[in-house]
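The numbers here are math on the coordinates, done by the rules we state, and not lab data. Predicted, not measured: the structure shown is a model, and the values here were computed from it. We place every Cβ from the backbone using ideal geometry, glycine too, and count neighbours over all the protein chains shown.
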Amino acid sequence: MWKLLHNLKDALLYNADREFYAKVFPDSVKGHDLMRIRRMDHVDLDSVLAIENQNYEFPWSQGVFEDCFQTMTYTNWVCEDADDTIVGYAIISAIVGEAHIMNISVNPQYQGQGVGRKMLNHLIDYARPRAEKIFLEVRPSNLNAIHLYKSSGFKEIGIRKAYYPAKDGREDAIMFELDLVPMLGNYPTP
């Protein structure tokens, strides 16, 4: 419960103290604590495409991202650092009690600094009042993402054969699910 309240406070309130201490005592505040998540806009597409192209051998095209703005069930987010530089993005679909993480990606220069976890937690919080479960697919070769999902409570539920394009044909996808409605007596600890 405290974690939820803390996340809500961070989302709603500007924390001048945190920003001050980050400037005066740079080691006192973690970089991802200064990052903000906001809705993606069309003007963000150049930055988003740059990250997409750095991370994927078979990236989404600009047209695919533009379609994400047109689809009413998709919500598109960007994560910015303290200098308003886009360091990651995420796209989620929520409809009829289910959410599906369509894409989540972090600039390679910012990977391993908590950006992916911050965005994933944001997506989970966003989906919770809209869905009972969140689904996603991930390449078996993406070990860092798999670790992130498992450590966030996602459970492996299956394999989609030949789901992703790959250099030598196709690569499977591991399907994950997160239950957003806790079972009675099975509440996560803060």
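The table for this structure:
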{"read-out": "Within-14-Å neighbourhood charge of Cys68 [Cβ basis; K, R +1; D, E -1]", "value": "-4"}
{"read-out": "Placed amide H near Asn103: partners under 5 Å, 5+ positions off or other chain", "value": "Ile91"}
{"read-out": "Local electrostatic count at Leu178 - Lys and Arg +1, Asp and Glu -1, tallied over other residues with Cβ under 15 Å", "value": "-1"}
